[in-house]
Amino acid sequence: MPLWPQLPIDPEETLLSYTDRLSRMHTGRGMERLLKDWGIHKEHFISGRPDAVAILAEATGHAFDEVQRTAIRVFQRCASFRGEDSSKAFLSARAS
């Protein structure tokens with residue numbers, strides 16, 4: 001059963017922003033609390049790994065593709081956001 005009330009995902013925000021907003025509404029705390037409650041591995045989620053993102057998609061009742069589009073994918077040598085590759089040096093410490 002998805003979290004209720006459900007918050008829409010703003011297509012302009014990142015997955016980390018959405019999750020932080022969602023967590024503050026449901027737990028009164030930041031993103032880490034919600035991730036812990038749902039058993040989502042924090043580093044995998046922050047790196048945009050599909051398995052971690054899929055858990056949040058299911059928990060929120062959103063389609064996986066909709067949620068994954070907002071994720072910043074962090075790889076060993078670069079990062080990717082909305083199909084654009086970039087250096088990991090441009091990421092905030094929270095995402096890299």
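Observations on the structure shown:
- This model, with +1 at the C-beta of Lys and Arg and -1 at the C-beta of Asp and Glu, gives the chain a dipole about its Cα centre of some 360 debye.
- Stretch gain in nm, segment Ala63-Asp10, where the contour uses 0.36 nm per residue and the Cα spacing is subtracted: 17.7 nm
- A Gaussian network model of the chain, with springs between Cα atoms under 10 Å, assigns the largest mean-square fluctuation among Thr14, Thr60, Thr27 to Thr27.
- To the nearest ten degrees, helix 50-60 and the longest principal axis of the Cα atoms of the chain are 30 degrees apart.
- Dipole of the chain, positive direction: furthest Cα of Gln68, Ser47, Trp4, with charges on the beta-carbon: Ser47
- Accessible solvent surface per residue of the chain, calculated while the other protein chains remain in place, 1.4 angstrom probe, Å²: 62
- Extension gain for the segment Arg49 to Ser86, taken as residue separation times 0.36 nm less the Cα-Cα distance, is 11.6 nm to one decimal.
- Each other residue within a Cβ distance under 10 Å of Arg21 adds +1 if Lys or Arg and -1 if Asp or Glu, for a net charge of -2.
- Correct choice for log10 I(q)/I(0) by the Debye sum over Cα atoms at q = 0.16, 0.23 Å⁻¹ that was computed from the model, options (i) -0.61, -1.24; (ii) -0.76, -1.06; (iii) -0.89, -1.08: (i)
The values are calculated or read from the model by the stated rules, or taken from the named source; none is laboratory data. Quantities reported herein were computed from a predicted structural model and do not represent experimental measurements. Don't worry about glycine lacking a Cβ; one is built from the backbone with ideal geometry, like all the others, and counts go over all protein chains shown. These area figures cover heavy atoms from the full protein model, side chains too; ligands, DNA and RNA do not enter into them. Shrake-Rupley method; radii C 1.70, N 1.55, O 1.52, S 1.80 Å.
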